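Asks: Dumping the structure here so I can ask a few things about it.
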Amino acid sequence: MPDEIKPAPYSSTSTPEARSKKILEYHLDDYFVKGETKIDDKVPNVDGVLELVDEGRYPIGKFQVQVKTIQLGPTGIAKHQCEKSFLAYCRTANLPVFLIVVDHATQSVFWLHVNRKVADTFLQKLKGETISVPFPPENVIALNNPTYLTQWRTIIESHGRAVHQADEYADRLATLELLESKLHTPANLPQAILKSVYRFVDELNFVWDRLFPAVKAAHYLDFWKIGIGVVTLNHEYARFILYPVRLNTVQTLVKTLSAEEFAVYDDEFSKWSFSNWLMTATTSPDNLLTRYKSYALHLVEDDVIKTIDQTDFKVDDEFLAHEYLIDFIDTHSEYLAITRHSAAYDLASLEYRLRYVFPMLEGHAQGWAENVRESTRDVGQYINMSEANWQKAIEAAEQQVRDEIVAPVEVVMTASDFDMDLIYYFIDLLRATGKPMAVRQYKIWTPRLKNRDPRDWTLEEKQTLLANYQLHRENFSRIYAKYLQEHFPLLMHDLALSPNEAGPFLATFSFSKNEWSYVACHYYLRGESPGQAMSFYHMAGVQELNDVPHPIKVNTTLSLMGEQYAVRGYKVHHLKYILAPAPTYELIRRTVLGKLKDYFKKHATW
């Protein structure tokens, strides 16, 4: 064999990677971490699968590792030039992926959990094929520092819970699929009965699809219709099961189910539940055959009322966007470190702090348990430091964001009294229409106004209440109509404001002598000229609210601004909501729920 023929050489990276592997294995606690990493194993993206075990050596879960060699710079912060393909792999990996870097000179080992969110963060910033990824200094793997084991366990168990939730979804889907296999074509149902059942099912789907589409969208994203499995339908009673029909599924909506199979589901699914998907019922046959319209409404009533009471649905309205954002900032100005009661606020700055700066600050905060890797933090929490120190902490977090540091705890900001999805929606809405600022609409309330007896308010404070109430009422009818049009279009007539509620009126204010709540007495007016409109509010003086007397009598004539108006009637409105965060949503919920309850009382009884 000629001397010049030589065997293939090892890769130029094999030697340093092998050394990195040995350093890593030296620092890993082999009692709790099982398995080994491989060099030049031809498997892309990862160098091996390891398994974490507990003190009894029972498996906790598996995870993947990618080991890289680095050189620590003068800052001491570990960084690795990460490839796009690796980040793309981490987004969809079935196991947790840990990127581990080793510095030979210092024998230091650092780790980073690259989950979907972390991968997406760097992929969005990526301009070429690689990007510099920094490692939190506290993410150290060392023999004398077993903290990483606790953190890894939390991550692996959290991943397992996520898989379990997916398994729960799969279990519900399996339950549904099993039910579908037990359903039969309704060959034994008389044609007249079958026609009536179809009529009921069509009505039930009409209620969900057309009357309450916003409520259905909140619960049934993966389904398109509700089907029925009829067990018994005679002159004594009807027994059946309702179930969702998946998208892209071709099947009839009326089936039959044996009594034996029905018994399997009856105890668990006897009440309608969005999470369970199924509902069993035993009722009068007339509810399906003749009173099907009212019965269909009855079946959805509780869930509709509960969902609307707990949900602020999005409304495309700039006034509402300004109101919601300004109230959010005023309520949480201390935490946001924004000057309260300013005329306007920069939206880009607000969003940047909520999405990046505060999660970074809170992710590095003291007090997290060692096993916490993901959490939420409410902007309404108490700040245990001075204003100056809080501002310094925010500035430090801003620098960490610029340095692309990854916080040890992944935090999502929340607000107990506001919907963060709505905050971001309204920011996007205003910026999309060329509005870079959230602008104050209402006059500023006097400090601590909400906590004082209105009888002690100054005239200026009472006039502020009046002006804000006037502005709110001038915009409410439009916003309320948009709300109905966008979410409940077929119920606009039933849920609409009455002429008295939406028309011109004179508002006088009275204050209770027994409690600090206050009311507006609306005197509804009718102009003498056809089509005459008026938007006029007048404070007739502050009076104690008694049971009967009011300063203006019904069926009298008023002369206002040179025009004659007849007083049609009055209604007392309690105004405490006007001082609540986002008063428009507060009044929308109150109004819609009141009208919906009347609607169900009228149409869902038998």
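The values are calculated or read from the model by the stated rules, or taken from the named source; none is laboratory data. This one's a predicted model, so the numbers in the text were calculated from it and none came from an experiment. Virtual Cβ from ideal backbone geometry, glycine too; neighbours counted across all protein chains shown. For the accessible areas, the whole protein counts, side chains as well, though only heavy atoms, and no ligand, DNA or RNA atoms are used. Shrake-Rupley method; radii C 1.70, N 1.55, O 1.52, S 1.80 Å.
Asks: What are the residue pairs meeting all of these: first residue in segment 30-57, first residue aliphatic (A, V, I, L, M) and part of a loop (DSSP other than H, G, I, E, B), second residue open to solvent by less than 70 Å² (accessible area, probe 1.4 Å) and modelled with pLDDT under 70, Cβ atoms under 7 Å, and 6 or more apart or on different chains?
Replies: Correct list of pairs: ILE39/SER14.
Asks: Looking at GLU138, GLU157, which one is touching a residue at least 40 places away in the same chain (Cβ under 8 Å), in contact with a strand residue (DSSP E or B) (Cβ under 7 Å, 6 or more places away or on another chain) and either more than 30 Å from THR311 (Cα to Cα) or not charged (D, E, K, R) (or both)?
Replies: Residue meeting the stated conditions: GLU157.
Asks: Let me ask something else. Could you give every pair whose Cβ atoms fall below 8 Å, whose first residue belongs to segment 252-264 and is touching a residue at least 12 places away in the same chain (Cβ under 8 Å), and whose second residue is among the hydroxyl-bearing types (Ser, Thr, Tyr) and open to solvent by less than 60 Å² (accessible area, probe 1.4 Å), counting only separations of at least 6 or pairs across chains?
Replies: ALA259/THR232; PHE262/THR280
Asks: Can I ask one more? What are the residues in segment 275-312 that are of a type outside the set (A, V, I, L, M) and in contact with a Leu (Cβ under 9 Å, 6 or more places away or on another chain), if any?
Replies: Residues satisfying the conditions are TRP277, THR280, PRO285, TYR292, TYR295, GLU301, ASP309, ASP312.
Asks: Here is a follow-up. If I ask for residues that are farther than 22 Å from ASP403 by Cα and crowded, with 19+ Cβ neighbours inside 10 Å, which ones from segment 131-148 would you list? Write out each step before concluding.
Replies: Within segment 131-148, the first condition is being farther than 22 Å from ASP403 by Cα, and the residues that meet it are 141-148.
Those that are farther than 22 Å from ASP403 by Cα and crowded, with 19+ Cβ neighbours inside 10 Å: ILE141, TYR148.
Asks: Sticking with this one: In segment 204-218, what count of residues is obtained for those that are open to solvent by 30 Å² or more (accessible area, probe 1.4 Å) and within 19 Å of HIS493 (Cβ to Cβ)?
Replies: 4
Asks: Would you point out the residue of segment 102-130, among those that are of a type in the set (Val, Ile, Thr) and in contact (Cβ under 8 Å) with a residue 40 or more places away in the chain, that is surrounded by the fewest Cβ atoms within 10 Å (Cβ to Cβ)?
Replies: Out of the qualifying residues, it is THR130.
Asks: While we're here: Given the criteria of a type in the set (Lys, Arg) and outside any loop (DSSP other than H, G, I, E, B), does LYS117 qualify?
Replies: Spelling it out, LYS117 is indeed of a type in the set (Lys, Arg) and outside any loop (DSSP other than H, G, I, E, B).
Asks: Step by step: first the residues of segment 280-309, then only those that are assigned to a helix (DSSP H, G or I) and among the polar types (S, T, N, Q), then the one that is farthest from GLU260 (Cα to Cα). Which residue is that?
Replies: In this case the residue turns out to be THR307.
Asks: For segment 576-594, enumerate the residues that are over 19 Å from ALA481 (Cα atoms) and of a type in the set (Phe, Trp, Tyr).
Replies: Matches in segment 576-594: TYR577 only.
Asks: What pairs can you find where one residue is in segment 389-404 and on the phi > 0 side of the Ramachandran plot, the other is exposed (fewer than 15 other Cβ atoms within 10 Å of the Cβ) and not in a helix (DSSP H, G or I), and their Cβ atoms are less than 8 Å apart, with a gap of 6+ or different chains?
Replies: GLU404/SER132
Asks: Continuing with this model, one more query. Looking at segment 227-263 only, could you name the residues that are farther than 15 Å from ILE193 by Cβ, in contact with a strand residue (DSSP E or B) (Cβ under 6 Å, 6 or more places away or on another chain) and β-branched (Val, Ile, Thr)?
Replies: ILE241, VAL245
Asks: Next question. Any residue in segment 182-198 that is open to solvent by 60 Å² or more (accessible area, probe 1.4 Å), modelled with pLDDT of 85 or more and under 30 Å from GLU486 (Cα atoms)?
Replies: Checked against the condition, which is being open to solvent by 60 Å² or more (accessible area, probe 1.4 Å), modelled with pLDDT of 85 or more and under 30 Å from GLU486 (Cα atoms), segment 182-198 yields at least one hit.
Asks: For residues in segment 60-98 being open to solvent by 50 Å² or more (accessible area, probe 1.4 Å) and part of a strand (DSSP E or B), which is nearest to ARG116 (Cα to Cα)?
Replies: Applying the filter and picking the extreme gives GLU83.
Asks: From the list ASP312, ASP316, ASP330, exactly one residue is acidic (Asp, Glu) and not in a loop (DSSP other than H, G, I, E, B). Which is it?
Replies: When all the criteria are applied, what remains is ASP330.
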